[in-house]
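Participant: I have a structure I would like to understand better, so I am pasting it below and will then ask my questions one at a time.
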Amino acid sequence: EIFGYQTHSCRKTLCLAGSIFSFGILPLVFYWKPAWHVWANCVPCSLQEADIVLLRTTDEFQTYSRKKVMWIYLSALNSAFGLTPDQPLITDEECLINRAIRKPELKVRYIKVQKIRYVWNNLEGQFQKIGSLEDWLSSAKIHLKFGSGLTREEQEIRRLICGPNTIDVEITPIWKLLIKEQSVKLYRLVESHNSITVPVCGRKAGVEELESRFLVPGDLLILTGNRVQMPCDAILLDGSCVVNEGMLTGESIPVTKTPLPQMDGSVPWKTQSEADYKRHILFCGTEVIQAKGACSRTVRAVVLQTGFNTAKGDLVRSILYPKPMNFKLYRDAIRFLLCLVVTATIGMIYTLCVYVLSGEAPGEVVRKALDVITIAVPPALPAALTTGIIYAQKRLKKRGIFCISPQRINVCGQLNLVCFDKTGTLTREGLDVWGVMPCDKNGFQEVHSFASGRALPWGPLCAAMASCHSLILLDETIQGDPLDLKMFEATNWEMAISGDNFHIKEVPAHAMVVKPSKTASQVPVEGIAILHQFPFSSALQRMTVIVQEMGGDRLAFMKGAPEKVASFCQPETVPASFVSELQIYTTQGFRVIALAYKKLEMDHHTTALARLEARCMKTRALEGGSLSPACPSHSLGALRGRR
């Protein structure tokens with residue numbers, strides 16, 4: 001909740017006098033109680049006229065914070081670009097930046113809350129967050145407006161209003177350590193973020209190297225090479241990327257990012273697809289392991305959010321501004337201290353009365369009164385509590401454990417149950433392939449067990465296991481999801497990148513190619529080229545690839561949850577015992593995955609194929625298999641079907 005106030009000169013003068021006569025106690029009270037500060041110095045008014053705003057959280061704590069309304073002046077850009085108040089300064093008139101600029105003065109009102117800027121929308125009469133692209137933009141508008149980059153004029157305007165693309169953490173001065181925590185480690189953590197150089201494409205200037213702190217929402221990034229640190233959140237427009245998001249998620253498994261499809265309509269880009277929109281976002285702080293352009297084009301991404309608006313900035317803000325605690329331990333501790341304070345106050349008043357009436361010297365009276373306070377409220381109590389927390393932090397640090405909110409360490413001593421939501425946290429990582437269950441027109445065939453050492457016979461099932469995955473080849477090592485990796489290893493095939501002399505219709509150079517090894521079964525094709533990937537989505541419960549057999553057919557393979565894959569299959573190709581067989585393996589603790597396939601026309605343009613089109617193709621029920629449990633208490637496995 002937000003309330004507007006105007007500073008009152010008489011009230012401000014009285015508060016200044018009170019600060020002097022209270023020897024600095026009043027400013028300290030105002031620091032801890034910002035609402036009192038505002039009520040004492042200001043008078044209520046509308047938000048449009050306010051120079052001070054008072055914020056109140058809507059949770060159970062109802063915490064107040066005081067913010068000063070500031071101004072951004074665009075007049076400095078007049079001489080450089082000749083800005084005119086009667087024309088929109090940004091191409092899109094519906095853009096928040098246009099609505100925030102007050103004309104003809106060319107200035108913008110804003111407040112800064114927990115490192116985030118909020119500008120005043122003159123049309124709607126409210127403060128709105130700035131520093132990211134608007135959510136209402138459709139994918140078509142994003143490609144159209146930002147696909148060619150921004151002009152120099154738009155870059156400077158956005159840079160001035162949105163602020164720098166930096167995650168700045170101030171180091172607390174020594175004199176403030178009495179009332180605030182130290183932040184040196186956090187500063188070192190984000191320091192490198194502000195010193196990255198990236199290639200940016202301008203609408204007229206072309207590609208040029210730019211320091212990351214000058215990036216603004218809407219800038220067009222050109223991603224080249226591997227091992228690129230993302231300095232902002234960006235939407236992938238062209239090409240594909242493999243990203244390590246371990247810094248944000250804790251998972252070291254590479255994640256494949258796909259470009260934002262250019263779909264017609266005015267539906268917001270985040271909701272236009274049934275898949276997770278995060279599949280198109282390169283998050284700040286993550287590392288782009290591999291960037292590949294489609295059809296020899298460059299990999300392009302438009303800046304979505306900058307600074308503290310990014311995923312990394314949000315993580316840093318959660319450390320700088322942790323949620324308040326309302327644990328019973330702290331409530332009881334405060335009540336106990338209040339009881340001590342009340343007891344000390346009563347004792348001090350009694351002592352003063354007794355010694356004054358007995359005619360003691362003033363100095364002796366003060367000394368005795370202070371003795372009573374120190375006896376009732378031990379002055380070493382805060383130091384003892386702090387020492388305990390520091391000692392606990394050092395012990396945790398030796399074990400590689402770091403705490404973003406040290407006050408919570410004391411609370412941890414009361415825990416008697418800890419729950420983990422990640423398989424592998426307390427169990428053995430990895431999984432093993434147990435077998436596959438092929439199927440044909442007559443139903444399921446005999447289970448092929450990999451424990452026997454026999455190679456998997458050639459067929460759609462073998463081709464699907466070798467190609468329907470999101471694995472990558474990095475530094476001559478195959479990396480990716482453990483399930484995909486185990487399934488691929490079970491086929492005894494190899495992975496390689498095609499060279500410049502690789503010439504197959506509609507198959508680009510440097511494409512991913514899988515080939516049978518010497519120990520694999522005899523196959524009638526030289527290998528399989530992976531033309532296009534639709535990575536696995538937890539919302540869709542499936543993934544799809546388009547492949548080209550070298551010397552064979554063009555196929556589409558689907559892999560995912562058995563029930564989901566079976567729903568896309570031609571009913572006559574799904575075995576009648578599908579449900580019962582699935583239940584048998586799941587009740588035994590196996591993870592079960594299904595596969596399906598469909599033949600495609602050779603002239604099918606895979607680059608223009610959307611996931612919606614791929615999933616609508618009626619496929620044939622394929623084959624299936626199971627992966628053995630990684631440990632007795634957690635089941636992992638796979639099953640496949642044909643479409």
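The values are calculated or read from the model by the stated rules, or taken from the named source; none is laboratory data. Given the structure is predicted, the values throughout are model-derived calculations rather than measurements. Positions of Cβ are generated from backbone atoms using ideal geometry, with glycine treated the same way; all protein chains shown enter the neighbour counts. When the accessible area is computed, the model is the full protein with side chains, heavy atoms only, and any ligands, DNA or RNA have been set aside. Shrake-Rupley method; radii C 1.70, N 1.55, O 1.52, S 1.80 Å.
Participant: Do we have Ala490 as modelled with pLDDT of 80 or more, of a type in the set (Gly, Ala, Ser) and either more than 20 Å from Phe557 (Cα to Cα) or out of contact with any Lys or Arg (no Cβ under 9 Å at 6 or more places or on another chain) (or both) here?
Facilitator: Yes.
Participant: If you don't mind, there's one more thing I want to ask. Check whether at least one residue in segment 7-25 is touching a helix residue (DSSP H, G or I) at 6+ places or on another chain (Cβ under 9 Å), part of a strand (DSSP E or B) and either open to solvent by 100 Å² or more (accessible area, probe 1.4 Å) or in the same structural domain as Lys68 (by the TED database) (or both), and report yes or no.
Facilitator: Yes, some residue in segment 7-25 is touching a helix residue (DSSP H, G or I) at 6+ places or on another chain (Cβ under 9 Å), part of a strand (DSSP E or B) and either open to solvent by 100 Å² or more (accessible area, probe 1.4 Å) or in the same structural domain as Lys68 (by the TED database) (or both).
Participant: Here's a follow-up. For the structure I just gave you, tell me whether Pro217 is crowded, with 21+ Cβ neighbours inside 10 Å, touching a His at 6+ places or on another chain (Cβ under 7 Å) and more than 23 Å from Pro535 (Cα to Cα). Talk me through it step by step, then tell me what you get.
Facilitator: Values: crowded, with 21+ Cβ neighbours inside 10 Å: yes; touching a His at 6+ places or on another chain (Cβ under 7 Å): no; more than 23 Å from Pro535 (Cα to Cα): yes.
No; evaluated as a whole, the condition is false for this residue.
Participant: Moving on to the next point. Just checking: which of the helices (runs of 4 or more DSSP H) contained wholly in segment 527-640 hold 1 or more residues that are aliphatic (A, V, I, L, M), surrounded by 17 or more Cβ atoms within 10 Å (Cβ to Cβ) and modelled with pLDDT under 85?
Facilitator: Values: elements: 562-568, 578-587, 611-616.
Filter on segment 527-640 gives 611-616.
Participant: Looking at Ser252, is it open to solvent by 50 Å² or more (accessible area, probe 1.4 Å), among the hydroxyl-bearing types (Ser, Thr, Tyr) and either more than 14 Å from the chain's Cα centre (by Cα) or not assigned by the TED database to the domain that holds Asp314 (or both)?
Facilitator: yes
Participant: Now for a separate question. Just need a number here: residues in segment 448-493 that are part of a loop (DSSP other than H, G, I, E, B) and among the hydrophobic types (A, V, I, L, M, F, W, C).
Facilitator: 5
Participant: Next question, about the same structure. Given the condition open to solvent by 50 Å² or more (accessible area, probe 1.4 Å), modelled with pLDDT of 90 or more and touching a Phe, Trp or Tyr at 6+ places or on another chain (Cβ under 7 Å), answer yes or no: does some residue in segment 93-112 qualify?
Facilitator: So far as segment 93-112 goes, no, none of its residues is open to solvent by 50 Å² or more (accessible area, probe 1.4 Å), modelled with pLDDT of 90 or more and touching a Phe, Trp or Tyr at 6+ places or on another chain (Cβ under 7 Å).
Participant: I've got another one for you. So Asn122 fits all but one of (1) over 25 Å from Phe283 (Cα atoms); (2) under 23 Å from the mean Cα position of the chain (by Cα); what number is the exception?
Facilitator: Of everything listed in (1) over 25 Å from Phe283 (Cα atoms); (2) under 23 Å from the mean Cα position of the chain (by Cα), Asn122 misses just condition (2).
Participant: Which members of segment 447-502 meet the condition of being over 26 Å from Lys598 (Cβ atoms) and acidic (Asp, Glu)?
Facilitator: Passing the criteria: Asp475, Glu476, Asp500.
Participant: Would you please name the residue that is nearest to Pro231 (Cα to Cα), looking only at residues in segment 301-360 that are basic (Lys, Arg) and surrounded by 12 or more Cβ atoms within 10 Å (Cβ to Cβ)? If you could, list the steps in order and put the result at the bottom.
Facilitator: To start, the set of residues in segment 301-360 that are basic (Lys, Arg) comprises 312, 317, 323, 328, 331, 335.
Then keep just the ones that are surrounded by 12 or more Cβ atoms within 10 Å (Cβ to Cβ); that gives 312, 317.
Details: Lys312: 9, Arg317: 16 Å.
That would be Lys312.
Participant: Pairs please, first residue from segment 127-148 and crowded, with 20+ Cβ neighbours inside 10 Å, second anywhere and assigned to a strand (DSSP E or B) and β-branched (Val, Ile, Thr), Cβ atoms under 6 Å, 6+ apart in sequence or on different chains.
Facilitator: Ile130/Val119; Phe146/Val302
Participant: For the condition hydrophobic (A, V, I, L, M, F, W, C), at negative phi, modelled with pLDDT of 90 or more and open to solvent by 10 Å² or more (accessible area, probe 1.4 Å), what is the one hit in Ile222, Ile235?
Facilitator: Of the residues listed, the single one that is hydrophobic (A, V, I, L, M, F, W, C), at negative phi, modelled with pLDDT of 90 or more and open to solvent by 10 Å² or more (accessible area, probe 1.4 Å) is Ile222.
Participant: Let me ask something else. Go over the candidates Met247, Met263 one by one and state the one that is open to solvent by 10 Å² or more (accessible area, probe 1.4 Å), within 19 Å of the chain's Cα centre (by Cα) and not assigned by the TED database to the domain that holds His532.
Facilitator: None of the other options fit; the residue is Met247.
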